[in-house]
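The values are calculated or read from the model by the stated rules, or taken from the named source; none is laboratory data. These numbers were taken from a predicted model, which means no experiment stands behind them. Neighbour counts are summed over all protein chains in view; Cβ atoms, including those assigned to glycine, are modelled from backbone coordinates with ideal geometry. Side chains are part of the model used for accessible areas, which takes the heavy atoms of the whole protein and leaves out ligands, DNA and RNA. Shrake-Rupley method; radii C 1.70, N 1.55, O 1.52, S 1.80 Å.
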Amino acid sequence: MQLRAKGISSELYPENAKINKQFTYAEKKGIKNLVFLGEEEIKNGTVTFKDLEAGEQKTVSLEEFLG
C-alpha cells in the first residue's frame with residue numbers, strides 16, 4: 001500500500017513459493033526490481049531490494065526505502 005500511495009507500481013507474488021520460482025515469474029513479467037520482506041526484514045524493520053538488471057542487492061531501513 002505504501003509503495004502504491006507513492007505512485008510506484010507494485011504487486012505481490014500470488015502464492016507461497018520458493019524464491020527461484022518467484023525470480024522466474026518476475027523475469028517473465030519484465031519486472032526490474034524486487035523487494036523482499038522476509039522474517040528477518042520484518043524483525044529488523046528493514047527491506048531488501050534487488051535490481052535484476054544490474055544484479056545489485058541492498059538491505060536498508062524501511063524508512064530509508066520509503067523516503
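Computing the accessible area with a 1.4 Å probe over protein heavy atoms, can you report the carbon and sulfur percentage for the chain? The partial results should precede the final answer.
Values: 2790 of 5550 Å².
On the chain, the fraction of accessible area on carbon and sulfur atoms equals 50 percent.
Would you calculate, for the chain, the mean residue ellipticity at 222 nm contributed by helices, counting each DSSP H stretch of 4 or more residues as -39,500 (n - 2.57) and dividing by all residues, to the nearest 500? Each step should come with its number before you reach the end.
Details: 4 runs with 26 residues, N = 67.
Mean residue ellipticity, 222 nm, calculated: -9500 deg cm²/dmol.
Can you list the residues, at least 5 places off or on another chain, whose amide H is less than 5 Å from the amide H of Thr46, using H built in the peptide plane?
The answer is Leu62.
Among all stretches of the chain without exposed trypsin sites (Lys or Arg not before Pro) (DSSP loop, at most 12 other Cβ atoms within 10 Å), which one is longest?
Details: sites that count: Lys6, Lys18, Lys32.
Result, exposed sites excluded: 33-67.
When Lys and Arg each count +1 and Asp and Glu each count -1, what net charge do the other residues less than 11 Å away from Phe65, Cβ to Cβ, add up to?
On the way: positive: Lys6, Lys58; negative: Glu41, Glu63, Glu64.
Local charge sum for Phe65: -1.
Give the share of C-alpha pairs in each 5 angstrom bin for the chain, from 0 to the last occupied bin, in whole percents, shortest bins first.
It works out to 4, 15, 25, 28, 22, 7, 0, in whole percents.
Could you report the chain's accessible area per residue, 1.4 Å probe, as an integer in Å²? Numbers along the way, then the final one.
On the way: 5550 Å² over 67 residues.
So the chain comes to 83 Å² accessible per residue, rounded to a whole number.
May I ask for the angle, rounded to the nearest 10°, between helix 19-29 and the longest principal axis of the chain, with both axes built from Cα atoms and the value confined to 0 to 90°?
So the inclination is approximately 70 degrees.
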